[in-house]
1. Lys pairs in the chain, Cα-Cα under 20 Å, at least 8 apart or on separate chains: how many?
2. Taking θ as phi - 60°, what are the ³J(HN,Hα) couplings along segment 140-154 by the Karplus curve (6.51, -1.76, 1.60), each to the nearest whole Hz, with x for Gly and Pro?
3. Report the local net charge at Leu183: Lys and Arg +1, Asp and Glu -1, summed over other residues whose C-beta lies under 14 Å from its C-beta.
4. Near the amide H of Glu201, under 5 Å away, which other amide H atoms are found, from residues 5 or more places off or on another chain, if H is placed in the peptide plane?
5. Suppose we keep just the DSSP beta bridges with both residues in the chain; what percent of those would be antiparallel, to 5?
6. Report the label-to-label distance for Asp220 and Glu149 in nanometres (one decimal), using points 7 Å from each Cα along the Cα→Cβ vector.
7. Return the carbon/sulfur percentage of the accessible area of segment 67-224, one whole number, probe 1.4 Å, all protein chains in place.
8. If you check each cysteine of the chain for another cysteine whose beta-carbon is under 4.7 Å away, which ones come up empty?
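The values are calculated or read from the model by the stated rules, or taken from the named source; none is laboratory data. Only a predicted model underlies this, so the values are computations on that prediction, with no experimental measurement involved. Note: ideal-geometry Cβ built from the backbone for every residue, glycine included; neighbour counts use all protein chains shown. We work out accessible area using only protein heavy atoms, side chains counted, and drop any ligands, DNA or RNA first. Shrake-Rupley method; radii C 1.70, N 1.55, O 1.52, S 1.80 Å.
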Amino acid sequence: MNPVNQRIVLLGPPASGKGTQADRLAESFGIPHVSTGALLRSECDRGTPLGKEADAWTSKGLLVPDELAVRIVANWMESNGPRFLFDGFPRTVGQAEHLDKALDFLGSPLDLVILLELSEDAIRRRILERISCLKCGATFSTSLHAHAEGDPCPRCGAPLVRRNDDNAEALDQRLDVYRKLTLPVVGYYEKISPGILHRIEAGEGSDEIFGKLSALVAGDKDEA
Ligand code: ADP
């Protein structure tokens, strides 16, 4: 399928389902899913200098500096081109400005920004029950799925783990950072590109949310 919208930003708090939905959209529409969190975790796993630098921030629930986040995205765009579904980028107004400048330069403006909204209670519950595969990015709930830490990932076989920032302390910090630094990105897009931003309630069932997102990506904006 060749969707109308090919440059898409997914915004939302931790555990709002950005990664899961971006994976499904990537598979349906053939647009590459880029998670800056996953790119950083992979650098960290491989023990690269960039990964070590990033870990000092991410393990505490803090954002890595804009310069580092922009660098990792610019590297990705250089080898992959301007078709993307960004999950976790931009996370500050500074990053959004950088992205706009880069896309202006390429003559390929952003098509769509989607905000997944979720209550704080639901965020806390999901994060504290979450186990993840650091290899393929799949996530599972210890209460909804029959998987536990250390079990092999049903998708790729790597061991499931609790992310080092999926704990109550780091989560408080991540929520604080989200409110202070990432929510202003919503206002930024509403101001500079009226009509580009769409809000979706992320507490609904995964298939229902996917249906709404698919309609938006396909360009059927009235459906969502
Ligand atoms: P979540 O959305 O569940 O919090 P992510 O995998 O998107 O998790 O991000 C994990 C961590 O990686 C963040 O808490 C932050 O430290 C770092 N990170 C990811 N993307 C960015 C970004 N665009 N700018 C700065 N830091 C980032």
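1. Pairs that pass both the separation and distance tests number 11.
2. For segment 140-154, the Karplus-derived couplings read 9, 9, 5, 8, 8, 10, 8, 10, 10, 4, x, 5, x, 4, x Hz, x marking Gly and Pro.
3. Details: positive: Arg91, Arg174, Arg179, Lys180, Lys191, Arg199; negative: Glu117, Glu120, Asp176, Glu190.
In short, +2.
4. Glu117
5. Values: 6 of 22 bridges.
Given both bridge residues lie in the chain, the antiparallel proportion sits at roughly 25 percent.
6. In this crude label model, Asp220 to Glu149 measures out at 4.3 nm.
7. Values: 4130 of 8120 Å².
It is 51 percent, rounded to a whole number.
8. Here Cys44 come out as lacking a disulfide-compatible partner, given the Cβ-Cβ threshold of under 4.7 Å.
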